[in-house]
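**Student:** A single structure is presented below for examination.
The values are calculated or read from the model by the stated rules, or taken from the named source; none is laboratory data. In this text the structure is predicted, and so the values were computed from the model without any measurement. FYI the Cβ positions are ideal-geometry reconstructions off the backbone, even for glycines, and counts take in every protein chain you see.
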Amino acid sequence: MREDEGERALKLAMNESAARTSNEQLSRMAVSHRFGSDQRVPFVCECADANCHEIVMLSLDDYELVRVHSNRFLLVAGHEDAEVTHERIVEAENGYAVVEKIGVAGREATRLDRRHTSGLGGRKGSWPSVARRGSDR
């Protein structure tokens with residue numbers, strides 16, 4: 001990978017990670033407002049376009065299936081880019097797509113994922129509030 005491609009991959013991973021951080025907040029708010037794990041919640045598109053503010057409706061359970069992998073991102077269908085060398089399409093149906101960052105972008109996405117770097121109770125892939133989702137209801 002050329003240096004400018006590596007820098008671009010890093011920047012794109014940072015943009016996508018910023019959207020993912022917003023979605024983490026949305027997920028926690030939905031849990032705190034007692035949304036059921038199967039209820040659809042509005043999540044922002046985690047594509048590389050920093051100006052994108054489109055919404056993907058997804059259940060908390062389905063969002064968690066994406067978030068288990070620190071290098072995967074949720075996108076509005078059509079926002080994926082199969083031509084780039086730093087991501088691959090994992091899933092594309094039901095109005096949304098899931099892409100997996102690879103190479104430099106994948107490593108940066110993993111590094112920026114607070115779930116996997118903050119030592120949250122030793123439970124890789126789970127925020128404490130999301131882990132309690134089904135309790136005391």
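**Student:** Scan segment 48-65 and give yes if some residue there is buried (at least 21 other Cβ atoms within 10 Å of the Cβ), over 12 Å from Glu16 (Cβ atoms), of a type in the set (Gly, Ala, Ser) and within 13 Å of the chain's Cα centre (by Cα), otherwise no.
**Tutor:** no
**Student:** State yes or no: is Val41 among the hydrophobic types (A, V, I, L, M, F, W, C), crowded, with 19+ Cβ neighbours inside 10 Å and at pLDDT 90 or above? Even if it seems obvious, please write down each step before you answer.
**Tutor:** Numbers: among the hydrophobic types (A, V, I, L, M, F, W, C): yes; crowded, with 19+ Cβ neighbours inside 10 Å: yes; at pLDDT 90 or above: yes.
Answer is yes for this residue.
**Student:** Ok, one more. Does segment 11-41 hold any residues that are touching a strand residue (DSSP E or B) at 6+ places or on another chain (Cβ under 8 Å), within 28 Å of His86 (Cβ to Cβ) and of a type in the set (D, E, K, R), and which are they?
**Tutor:** Glu16, Arg20
**Student:** Which of the residues spanning segment 9-35 are of a type outside the set (A, V, I, L, M, F, W, C) and touching a residue at least 60 places away in the same chain (Cβ under 8 Å)?
**Tutor:** Glu16, Ser17, Arg20, Thr21, Glu24, Ser27, Arg28, Ser32, Arg34
**Student:** Residue under question is Asp4, and the condition is that it be without any contact (Cβ under 8 Å) to a residue 12 or more places away in the chain and surrounded by 15 or more Cβ atoms within 10 Å (Cβ to Cβ); does it hold?
**Tutor:** Details: without any contact (Cβ under 8 Å) to a residue 12 or more places away in the chain: yes; surrounded by 15 or more Cβ atoms within 10 Å (Cβ to Cβ): no.
Spelling it out, it is not the case that Asp4 is without any contact (Cβ under 8 Å) to a residue 12 or more places away in the chain and surrounded by 15 or more Cβ atoms within 10 Å (Cβ to Cβ).
**Student:** Another question about this same structure. For segment 66-85, enumerate the residues that are among the polar types (S, T, N, Q) and buried (at least 17 other Cβ atoms within 10 Å of the Cβ).
**Tutor:** Kept after step one, since they are among the polar types (S, T, N, Q), are these residues of segment 66-85: 70-71, 85.
Matches in segment 66-85: Ser70, Asn71.
**Student:** Right, here's the next one. Within segment 70-121, which residues are over 21 Å from Arg8 (Cβ atoms) and at pLDDT below 80?
**Tutor:** Passing the criteria: Arg114, Arg115, His116, Thr117, Ser118, Gly119, Leu120, Gly121.
**Student:** Ser22 is checked against (1) hydroxyl-bearing (Ser, Thr, Tyr); (2) in a helix (DSSP H, G or I); (3) surrounded by 15 or more Cβ atoms within 10 Å (Cβ to Cβ) and fails just one. What number does that condition carry?
**Tutor:** If we test Ser22 against (1) hydroxyl-bearing (Ser, Thr, Tyr); (2) in a helix (DSSP H, G or I); (3) surrounded by 15 or more Cβ atoms within 10 Å (Cβ to Cβ), just (3) comes out false.
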